[in-house]
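Colleague: Before I ask anything, here is the structure I am working with.
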Amino acid sequence: MKYTYKLIATLITLLNCSIGSAQNPIVQTNYTADPAPMVHNGTVYLYTSHDEDDANADGKGFKMLNWSLYTSTDMVNWTDHGIVASLKDFSWGKQDNGAWAVQCIERNGKFYLYCPLHGGNIGVLVSDSPYGPFKDPINKKLIDHHPWNDIDPTPFIDKDGQAYLYWGNPGLYYVKLNKDMISTSGEVQQIPNTFESFGKREGTKNEERPTTYEEGPWLYKRNSLYYLFFAAGPIPEHIGYSTSKSITGPWKYQGIVMPTQGGSFTNHPGVIDFKGKSYLFYHNAALPGGSGFTRSVCIEEVRFNKDGSIVQMNMTAGIKKSLSPLNPYEKTEAETIAWSEGVKSMTDNGTGNFVMAKYNDAFIKVKEVDFRKGASKFSSRIGTAHKGNVSMEIRLDTKDGALIGTVNVPMTTANEKWTLQTIEVKKVSGVHDLYFIFKGNAKTDILYFDYWKFLK
Ligand code: FUB
């Protein structure tokens, strides 16, 4: 029964993906996992783990080398900023695998990224900008408690300014962070793993894991109540939560936030408040080729009962309505995407981030674009390695909706990858979903697309 339900939930998610009406998973150009959203100056910065496309091809499970960043101001269109940190940033660490769940926090204008190097403890990187570059300020481990159990760090600054770092699987630990955020104060403390705090685990007896607490702790505060969200066992994981009147506990188990669904044996919570709403970020296996080692980040809106308890939720097609329309008269990166199919995000030194259309009819959707009184021209930075018959159609509202213009893409070369093309478009006004449809006969790498803008 349990598995029939799980299968139906997975099929619903996949069906929603394939008909293109879904917002979940929010990134389709790469596999992403372990979402760590951070709100800063009206923008959501979403740091994620990155499951490599060929993870588990050798039967060795996770293949995770670096961490990515995506941003949004409307919760439906997400801009890909590529890889912002990697195992290579830690001279003392293992470099071949283990870039598990990170979290970033801002303090006094600096951004601190807490990074587990699985099997090699936890380090910290710092930057003057949420986009990086991130550097290791201490050149050594920040947390050196237990190499395998030191994973999933989650920082929190309490109302008195004291910062804490929680982490761990199967034990849950915390330590105080000094004001510099790159050193600790006092002994590492272990949160008692009691039934009262985390509920009793179902299934076979597991002495090391008697409660539902598994991993992926996430600290959050609403009114005067502290919440500890966590990935809960048995495997495959669900998401549970506990609450406390104090950041250090005692924690009281409150139940299930999201049951086991979505086809990945892990899940991982990240909760934020943004523009008057609350959101749960999590991951599943919903993209084509998805599995427990090739995961994808999704979002649901969180609803609270009057007493602060959380209304249990399922994995759905995601956020339906944008929080604010997109302005098409400002330069928009091609990698700002609400939904895409057949598109890969790429980075090079000269350009930064851009996208590549993999096959004929691959497309990008940008949600809720407000043309106001009207656009008449469209400009894009675009290129292709193929000669003839390569184009980008611009359509409204659906993939085969009204065609307002076609950019014919001339062949560019490896050194001169880009050309700036400006075309006339049919007069368009009001709010529409915008579709870019990529056309070409080549078997792969149809065209490259860097940015776009409409002109009045
Ligand atoms: O992504 C690797 C590990 O899987 C994370 O650290 C855990 O939380 C689980 O999601």
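Colleague: Could you list all residues from region 184-210 that are surrounded by 14 or more Cβ atoms within 10 Å (Cβ to Cβ) and within 19 Å of TYR114 (Cβ to Cβ)?
Modeller: THR184, VAL188, GLN189, ILE191
Colleague: Need pairs with beta-carbon distance below 7 Å; first residue among the acidic types (Asp, Glu) and within region 379-405, second at pLDDT 95 or above; sequence gap 6+ or separate chains.
Modeller: GLU393/LEU403; GLU393/THR406; GLU393/ILE437; GLU393/LYS439; ASP397/HIS432; ASP397/ASP433
Colleague: What about LEU113, is it more than 14 Å from the ligand (Cβ to nearest atom) and either among the small types (Gly, Ala, Ser) or open to solvent by less than 50 Å² (accessible area, probe 1.4 Å) (or both)?
Modeller: On the way: more than 14 Å from the ligand (Cβ to nearest atom): yes; either among the small types (Gly, Ala, Ser) or open to solvent by less than 50 Å² (accessible area, probe 1.4 Å) (or both): yes.
Here the answer is yes, as LEU113 does meet what is asked.
Colleague: Moving on to the next point. Across region 248-278, what is the number of residues that are over 18 Å from THR194 (Cβ atoms) and either within 16 Å of the ligand (Cβ to nearest atom) or part of a loop (DSSP other than H, G, I, E, B) (or both)?
Modeller: Looking only at that region, the number is 17.
Colleague: State whether the residues of region 305-324 include one that is surrounded by fewer than 22 Cβ atoms within 10 Å (Cβ to Cβ), within 12 Å of the ligand (Cβ to nearest atom) and at pLDDT 95 or above.
Modeller: No, the conditions are met nowhere in region 305-324.
Colleague: Considering only residues that are more than 25 Å from PRO217 (Cα to Cα) and among the β-branched types (Val, Ile, Thr), look in region 14-56 and name the one that is modelled with the lowest pLDDT.
Modeller: Here the residue is ILE19.
Colleague: Also: Yes or no: region 173-183 includes at least one residue that is in contact with a strand residue (DSSP E or B) (Cβ under 7 Å, 6 or more places away or on another chain), touching a residue at least 40 places away in the same chain (Cβ under 8 Å), closer than 24 Å to ASP89 by Cβ and assigned to a loop (DSSP other than H, G, I, E, B).
Modeller: yes
Colleague: Give region 160-172 a look and list any residue that's in contact with an Asp or Glu (Cβ under 6 Å, 6 or more places away or on another chain) and outside any loop (DSSP other than H, G, I, E, B), or say none. Let's see the steps before the verdict.
Modeller: First pass over region 160-172, keeping only residues in contact with an Asp or Glu (Cβ under 6 Å, 6 or more places away or on another chain): 167, 169-170.
The answer is TRP167, and nothing else.
Colleague: Also, I was wondering about something else. What's the total number of residues in region 131-149 that are open to solvent by less than 40 Å² (accessible area, probe 1.4 Å) and under 22 Å from the mean Cα position of the chain (by Cα)?
Modeller: 2
Colleague: Okay, moving on. Limited to region 220-240, what total is found for residues that are closer than 28 Å to GLY290 by Cβ and either open to solvent by 10 Å² or more (accessible area, probe 1.4 Å) or away from the ligand (no atom under 15 Å from the Cβ) (or both)?
Modeller: Selection size over region 220-240: 5.
Colleague: Would you point out the residue of region 43-63, among those that are hydrophobic (A, V, I, L, M, F, W, C) and touching a residue at least 40 places away in the same chain (Cβ under 8 Å), that is most open to solvent (accessible area, probe 1.4 Å)?
Modeller: Of all residues in region 43-63, those hydrophobic (A, V, I, L, M, F, W, C) come to 44, 46, 55, 57, 62.
Add one more test, that the residue is touching a residue at least 40 places away in the same chain (Cβ under 8 Å), and what stays is 44, 46, 55, 62.
Working: VAL44: 0, LEU46: 0, ALA55: 14, PHE62: 40 Å².
So the residue we want is PHE62.
Colleague: Next up: What number of residues in region 116-159 are within 12 Å of the ligand (Cβ to nearest atom) and either assigned to a loop (DSSP other than H, G, I, E, B) or among the aromatic types (Phe, Trp, Tyr) (or both)?
Modeller: Step one: filter region 116-159 for residues within 12 Å of the ligand (Cβ to nearest atom), giving 116-119, 122, 148-154.
Filter once more, so that each one left must be either assigned to a loop (DSSP other than H, G, I, E, B) or among the aromatic types (Phe, Trp, Tyr) (or both): 118-119, 148-153.
Going through region 116-159 one residue at a time, the tally reaches 8.
The values are calculated or read from the model by the stated rules, or taken from the named source; none is laboratory data. In this text, all values refer to a predicted model and were calculated from it rather than measured experimentally. Cβ: placed from backbone, ideal geometry, glycine included. Neighbour counts: every protein chain shown. The area values use the complete protein model at the heavy-atom level, side chains included, leaving out ligands, DNA and RNA. Shrake-Rupley method; radii C 1.70, N 1.55, O 1.52, S 1.80 Å.
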